1. Order the peptides 68-78, 19-29, 48-58 from the highest to the lowest mean number of other Cβ atoms within 10 Å of their residues.
2. Assuming 0.36 nm per residue, please report the length gained on full extension of the stretch residue 32 to residue 85 beyond their Cα-Cα distance.
3. Which order, highest average first, do 93-101, 37-45 follow once you tally other Cβ atoms within 10 Å for each residue and take the mean per peptide?
């Protein structure tokens, strides 16, 4: 449903699977999956639980680093107002490399 709504807004969306990652020269098999990747720039991690925890931020930052993406957003659907309490936007050092537009 979420992917369909973003697609209706004419944004490129996909799920990103990280089957293998490179760590210190070693290729490691993984079963990591980012919920949504929008326009090949924005990592979106979806939750439906009471409150966001620091581990959720750490996981999203890890996905952003592994995929080399500049921006991410955590969205928690278990709240009264997503805009006020159900989201957290994160950026990393790749954000500084984006062109000014």
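Rule-based calculations on the coordinates, nothing more; no lab input. Computed from a predicted structure; not experimentally measured. Virtual Cβ from ideal backbone geometry, glycine too; neighbours counted across all protein chains shown.
1. Working: 68-78: 17.5, 19-29: 9.2, 48-58: 11.7.
Per-residue Cβ counts within 10 Å, averaged per peptide and sorted highest first, yield 68-78, 48-58, 19-29.
2. Details: separation 53, 0.36 × 53 = 19.08 nm, distance 2.66 nm.
Extending this stretch completely gives an extra 16.4 nm.
3. Values: 93-101: 8.4, 37-45: 17.9.
In decreasing order of mean packing, 93-101, 37-45 become 37-45, 93-101.
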